[in-house]
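What follows is calculated from the coordinates using simple rules that are stated; it is not laboratory data. No experiment lies behind these values; they were computed from the predicted model shown. Heads up, the Cβs are rebuilt from the backbone with ideal geometry, glycines too, and the neighbour counts pull from every protein chain shown.
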Amino acid sequence: MVGIPWRNVKFVNVAYEPGDELKFPGNLGNKIILAASPTLKELEFDGHSFSSLAGTVFPKLEKVTTYCTLYKVYDRERFGQGVTDSFTNLKYLNTASDHLISMPMMGKLEKLPVSLNRLVLHGISDTTGGLECLLEIPGSLRELNFSVDFQIDDRVDDMPTIFYTFLKKIPPLWKYFPSACSVGNMVTGLLEFGTMPGYFGPIDYAECFPVVEILEIWSCSDAFIPSQNHIQVVESVKRIDLGVVRRWNNVVDFAKLYTRMFDIFPNAKESVIKLLKDLFFL
C-alpha cells in the first residue's frame, strides 16, 4: 500500500466469491476503499459481503451499486450505515430490495441522504408488505426503477395503494410525469395507473407521460395499449422497443396488436414496421 496513489482513485469494484475475502491479507479490499475515500465517486460491490467503513465519510461518492444479495445480518448493517452515515452526497443507489426493506428495522431508512435522486431495486423480495419502506425515503426521487419479484403474501392486494401513496409524495412526478422522455416497464400482469386513492385504471399517456418519446416495454400482456373503447393518439412517441412474451398461439394476434399501434403511435411507424417484419421473419 505504501507509495501507491490510492487517494486519486475515483472508481472501485469489489468482486468477491463467497469466502474469497478471507484470502486477502489484512482485508486489503477494505483498506483500498478507505484510502480512496476522499476522491472516490463510484463504488460497486460484486459479492455477498459489504465492507466495514468505520464511520469514514466519502464526500465525493455519488454512485453505489451492490449486485448480489447480502445474506448476513452484519453485512446488511454495514450497508445501512454506509449509505446513511458515510455516503453523505449519494445520488444513485442500485441494490437488492431486501437491503432497503431491512433498513427501517435499523432505524436507518429515514436517514438516507436527501441528495439521493435515483433508486434502482432488484432481486426477489420476501414480502410485498416491505414495499411500504418506500414511504420513509426522504427527498424527491427523479428515477425509480423496479426489477423485483415479490413473493405473494397476505399484503399483495395492498401493493397498488402503496405505490400510489409513494408516488403522490414525489411532486411533480405524480399524477404527471411532465419531463419523462423515456419510459421503460416490465409488465407481468395488468398495467394500471392510479388517479385517486382506491381507483386504478388503464394508462392514459396524455395524462401521465405527455412528452414521452421512447417507449420500452417487456410484457406478457397488452396492458400498455389503451383499450379499444378508450381511443388515444400519442404523437410524442417516436420509438417503441417491445418484447411481448409469446403467450398467444399464432401470429395473427400479434399482427392485430401491432396494427393497432399504427393508430395509437403515428410517429413511431418505423418501429412498428420493424416489429411486423420480425414477426413474419421478413
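Structural remarks
- Charged neighbours of Asn89, selected by a Cβ distance under 15 Å, balance to +4 (K, R count +1; D, E count -1).
- Ala206/Tyr71 FRET efficiency (R0 45 Å; Cβ-Cβ; nearest 0.05): 0.50
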